[in-house]
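So the structure is just underneath, and the comments pick up after that.
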Amino acid sequence: MPRPRADLPLHLDRDASEALNVQLSRALRELMRAGVLTPGERMPSSRALAAELGLSRTVVTEAYQQLYAEGWLEGRHGSGTFVVHVEKSGHAVPRRPPREDPPVGGGFVSRTEARAAGLLDLRPGAPWVHDVDRAAWKRAWRRAAAEHPPDDDPDPRGLPWLREVLAGHLRRARGMVVRPENLVITRGTGHGLDLVAALLAAGGRAGVEDPGYERARNILQARGAEVVPCPVDHEGVVVDRLPDGLRLLYTTPAHQYPLGGRLPIARRERLLAWARATGTQIVEDDYDAEFRYDVAPLPALHGLDPERVILLGTLSKTLTPDLGIGWIVATPELATRLAALRRRLVDRTGGTVQYTTAVLLENGDLDRHLRRMRLEYARRRALVMEHLGEWAVGDTAGLHVLLPLGAARTAEIKAKAASRGVLLEDLTRYTRGEPSVHGLMVGYGSVAPAGLRRGCEILAGLLREP
Ligand SMILES: Cc1ncc(COP(=O)(O)O)c(C=O)c1O
């Protein structure tokens, strides 16, 4: 049996406030993690290690006991203490998911995988996150860490300070009449819809635009609603064709997802009259209203009837989905019920993230980012239209354009583009009923302009082929 080592690199600080046994167990744990102490290796006896380090034997015994308890060490009867074989998950787990083959034959490919495989990912849904001002980002997180202490009783509506600065932001940026008591801070649109669905839609009928945001459908279904497709046309949801008996209607009036219509005021008024007459709660997904390049952002539907409309907002498109911050705008009564539901579900939004968001808003960093990104996306949109304008439809807004094509042509172009390394989304993904339109979506959020140009050139070439 190999002799235990007597020369372990262990450095303890006698002046530190941390107890010596705690320092020792941590140091040993690190040596095992790093592979300096290897599985199966025999540890020095507590007496020998204590002598070597000039510690009392009790300190070493306590450290060993801790490591026994955690499963790092094991004792073999009569022969001493040994290092257990532990999977070094902290080192062995790759930082990114494993790469898969390009999706020429189908199957889901994440954006990270697509990038790693050198594909041009023009699927919609992702914003450009690489121009987030990193100095402002770090400043905000640093300030949040310094100023926001751990809270043992966070407000289920969200941090009061964030609700206050956010209300100001929504008044300025979206022209909304909103006060802190109208807001519930969420982790994003999906989360907001989940809470609203849990409160209002379970066991009832919920309308979702068709074609429409498939995740909204998934969430409502998962909360026990019967999801009913609601037809849309080039302007948005068709009020005259709304189904009966809806408890809730999920809609995207600023920029219909995915067809791109903007709901005109006359139709907005009719939608609200219908909602009042039928007692339906409207849920307005305001996901990318800030990205409009011809005129100022349209006012929210919410402003026309704050009792009938719950608005869901998010920073996923305007900043990054990685932050995980969104909000619900509702009446104070509904906000109170949503907050009570969150308590019951033990559902929270992290306090430090909320504080960071408040700093970004207060410093004007979010406004600056929005202004920069509006210009950037407008440029990218112009680039896409320069190549694909003769096929594209949709409003001058958002982060994607739509190419209506016949069913067969859609499938053919999508497959050919994939074989040339360009990923596109098919409208059928967003359709549940009988499709009224077939076509492809071209997103310009997540690929840098050079790649976007290349992708559009390839696509235009394919579209020109007979
Ligand atoms: C229609 C629509 N709503 C909302 C979102 C953002 O959702 P979340 O805030 O949950 O990230 C997206 C993102 O792709 C979207 O396409």
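Roughly how big is the chain's charge dipole about its Cα centre, with Cβ charges of +1 (Lys, Arg) and -1 (Asp, Glu), in debye to the nearest 20? Provide the component values of the computation, followed by the final result.
On the way: 64 positive and 58 negative charges, 118 e Å.
Charge dipole, the chain, about its Cα centre: 560 debye, nearest 20.
Select from Gly203, Leu323, Pro9 the residue farthest towards the positive end of the dipole of the chain; place +1 on Cβ of Lys and Arg, -1 on Cβ of Asp and Glu, and compute about the Cα centre.
Pro9
Please go through segment 306-370 and write out the GluC sites (Glu not before Pro) that DSSP classes as loop and that have at most 15 other C-beta atoms within 10 Å.
Numbers: sites: Glu307, Glu333, Glu362; in loops: Glu307.
For GluC sites (Glu not before Pro) across segment 306-370 that sit outside H, G, I, E and B with at most 15 neighbouring Cβ atoms in 10 Å, the list reads Glu307.
In nm, what is the difference between 0.36 nm times the number of residues separating Arg464 and Ala48 and their Cα-Cα distance?
Numbers: separation 416, 0.36 × 416 = 149.76 nm, distance 8.06 nm.
Working it through step by step, the gained length comes to 141.7 nm.
Using only Cα atoms and rounding to the nearest 10 degrees, what angle (0 to 90) does helix 134-147 make with the longest principal axis of the chain?
60 degrees
Near the amide H of Gln281, under 5 Å away, which other amide H atoms are found, from residues 5 or more places off or on another chain, if H is placed in the peptide plane?
Hits under the 5 Å cutoff: Leu248, Leu249.
List the residues whose amide H sits under 5 Å from the amide H of Thr186, counting only those 5 or more places along or on another chain, with H placed 1.01 Å from N in the peptide plane.
Long-range HN contacts for Thr186: Gly326, Trp327, Ile328.
Okay, helix-only estimate at 222 nm for the chain: each DSSP H run of n ≥ 4 adds -39500 (n - 2.57), divide by all residues, round to 500 deg cm²/dmol; what do you get? Spell out each step's value before the answer.
On the way: 15 runs with 190 residues, N = 466.
Helices in the chain give a 222 nm mean residue ellipticity of -13000 deg cm²/dmol.
Rounded to whole Hz and in sequence order, give me ³J(HN,Hα) for segment 245-256 from the Karplus expression 6.51 cos²θ - 1.76 cosθ + 1.60, θ = phi - 60°, writing x for Gly and Pro.
Here the 3J(HN,Hα) series is x, 7, 8, 8, 10, 8, 8, 10, x, 5, 6, 4 Hz.
Over 18 Å, how big is the tail of the calculated P(r) for segment 1-59, in percent of all Cα pairs? Please report the intermediate quantities before stating the final value.
Values: 554 of 1711 pairs.
Cα-Cα pairs of segment 1-59 separated by over 18 Å account for 32 percent.
Which cross-chain or sequence-distant (5 or more) residues have an amide H under 5 Å from the amide H of Met176, H modelled 1.01 Å from N in plane?
When sequence neighbours closer than 5 places are left aside, the close amide H contacts are Arg171.
Calculated FRET efficiency, Ala135 and Ala448, Cβ-Cβ r, R0 25 Å, to nearest 0.05? Please report the intermediate quantities before stating the final value.
Working: r = 21 Å, r/R0 = 0.84.
Here the calculated transfer efficiency is 0.75.
I need the calculated FRET efficiency for the pair Arg372 and Val238, taking r as the beta carbon distance and R₀ as 30 Å, to the nearest 0.05.
FRET efficiency, Arg372 to Val238: 0.25.
What shape does the chain have by the C-alpha gyration tensor, where a ≥ b ≥ c are the square roots of the eigenvalues, rounded means a/c under 1.5, and otherwise prolate means a/b greater than b/c and oblate the rest?
Details: a/c = 2.40, a/b = 1.73, b/c = 1.39.
Taking the square roots of the gyration eigenvalues as a ≥ b ≥ c, the chain is prolate.
Using the Karplus curve 6.51 cos²θ - 1.76 cosθ + 1.60 with θ = phi - 60°, what ³J(HN,Hα) values do you get for each residue of segment 49-60, in whole Hz, with x for Gly and Pro?
Per residue, the Karplus-derived 3J(HN,Hα) values read 5, 4, 5, 5, 8, x, 10, 6, 5, 4, 4, 5 Hz.
HN-Hα J couplings of segment 182-191 from phi, Karplus 6.51/-1.76/1.60, θ = phi - 60°, integer Hz, Gly and Pro as x?
8, 10, 10, 7, 10, 9, x, 4, x, 5
Which of the GluC sites (Glu not before Pro) found in segment 365-459 are in a DSSP loop and have at most 13 neighbouring Cβ atoms, other than their own, within 10 Å? If you can, show how the numbers build up before the last one.
Working: sites: Glu376, Glu386, Glu390, Glu412, Glu425, Glu457; in loops: Glu390.
When the GluC sites (Glu not before Pro) of segment 365-459 are filtered for loop state and at most 13 Cβ neighbours within 10 Å, Glu390 remain.
Taken together, the values in this text are just the output of simple stated rules run on the coordinates, not laboratory data. Being a predicted model, the structure only gives us computed values, none of them experimental. Please note: Cβ atoms are built from the backbone with ideal geometry, for glycine as well, and neighbour counts cover all protein chains shown.
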